[in-house]
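The values are calculated or read from the model by the stated rules, or taken from the named source; none is laboratory data. Only a predicted model underlies this, so the values are computations on that prediction, with no experimental measurement involved. All Cβ positions, even for glycine, are placed from backbone atoms using ideal geometry, and neighbour counts span all protein chains on display. These area figures cover heavy atoms from the full protein model, side chains too; ligands, DNA and RNA do not enter into them. Shrake-Rupley method; radii C 1.70, N 1.55, O 1.52, S 1.80 Å.
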Amino acid sequence: MSVFLSLVATVSAPNLEALSNIVLPEYLEWTARSTTSAAASVSFWVGPDGRIYDCDTLDWIGNRRLAYRVCTFIEGKRVPPARTLDGQATYGYVQTVVKLWTSGTESATEVEAAGQMPDLSLELNQLPTGLISPHAMEVVVEVDFAGQAGACNGGKDAERTLADLVCERASELSFSPGTDSKGNPVSYVRSLRVEFATVAAQ
């Protein structure tokens, strides 16, 4: 039996898997006082040390007070930071949807079904074999001090051909310059949610 290990250098966005462990206890404490449901679209920054800062609520569904508490729940907490192509921890920008719901509460069904809007939508004549239109995936981009895209690769489980298609044109994209928690300019890594759809036949 042969065993193979292949390591490929990539840029990576902050790892959000730890976010549920941060938010859930806060929500359980909240439900002890008020059983409500909400989805919050939030943006925030993550420092090289993994600390979350400058959280902002962009949109919400359900209970407004709960939605606006999400940033309070997560600011100052830590998650695994973004990584540059050479593996160094760096600043990261995140935009995501945090969903908190209890079955049977008002808006619970709507909150559970809430999803994140794409950052970029592209139409193709056809998708790679096995993919169904529309197909959403993440591409991770390194952004310099001036807001210009640099290193780019597909995120977790991204289809390689489609990721390459976006990354080949990443230099045409521009982003807001990043700042640290004190307002100093920084380079950073962020993910882009890209949705691909096939062009309707004429």
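Quick look at the values:
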{"quantity": "Nearest-ten-degree value, helix 64-74 long axis tilted from longest Cα axis of the chain", "calculated": "60 degrees"}
{"quantity": "Where Asp157, Asp144 fall by accessible area, highest first, once all protein chains stay in place (1.4 Å)", "calculated": "Asp157, Asp144"}
{"quantity": "GluC sites (Glu not before Pro) within segment 108-174: DSSP coil, no more than 16 neighbouring Cβ in 10 Å", "calculated": "Glu159, Glu168"}
{"quantity": "Accessible area in square angstrom per residue, the chain, 1.4 angstrom probe", "calculated": "58 Å²"}
{"quantity": "Computed magnitude of the charge dipole of the chain (debye, nearest 20; Cβ of K, R +1, Cβ of D, E -1)", "calculated": "500 debye"}
{"quantity": "21 Å Cα-Cα reach of Lys182 towards lysines, excluding residues that sit fewer than 8 places from it in its own chain", "calculated": "Lys77"}
{"quantity": "Unit charges at the beta carbon, dipole of the chain: most positive-side option, Leu58, Leu165, Ser34", "calculated": "Ser34"}
{"quantity": "Rounded to whole Hz, the Karplus (6.51, -1.76, 1.60) HN-Hα couplings of segment 154-161, x for glycine and proline", "calculated": "x, x, 4, 6, 6, 6, 4, 4"}
{"quantity": "Prolate/oblate/rounded call for segment 67-182, Cα gyration tensor, a/c under 1.5 rounded", "calculated": "oblate"}
{"quantity": "Bins of 5 Å from zero: percent of alpha-carbon pairs in segment 14-104", "calculated": "3, 15, 25, 23, 16, 9, 5, 3, 1, 0"}
{"quantity": "Prolate/oblate/rounded call for segment 93-153, Cα gyration tensor, a/c under 1.5 rounded", "calculated": "oblate"}
{"quantity": "Accessible area of the chain belonging to carbon and sulfur atoms, whole % at 1.4 Å probe", "calculated": "49 percent"}
{"quantity": "Which of Glu75, Glu29 is most accessible, then next, and so on - probe 1.4 Å", "calculated": "Glu29, Glu75"}
{"quantity": "The chain: C-alpha gyration tensor shape, a/c 1.5 cut-off, then a/b vs b/c", "calculated": "oblate"}
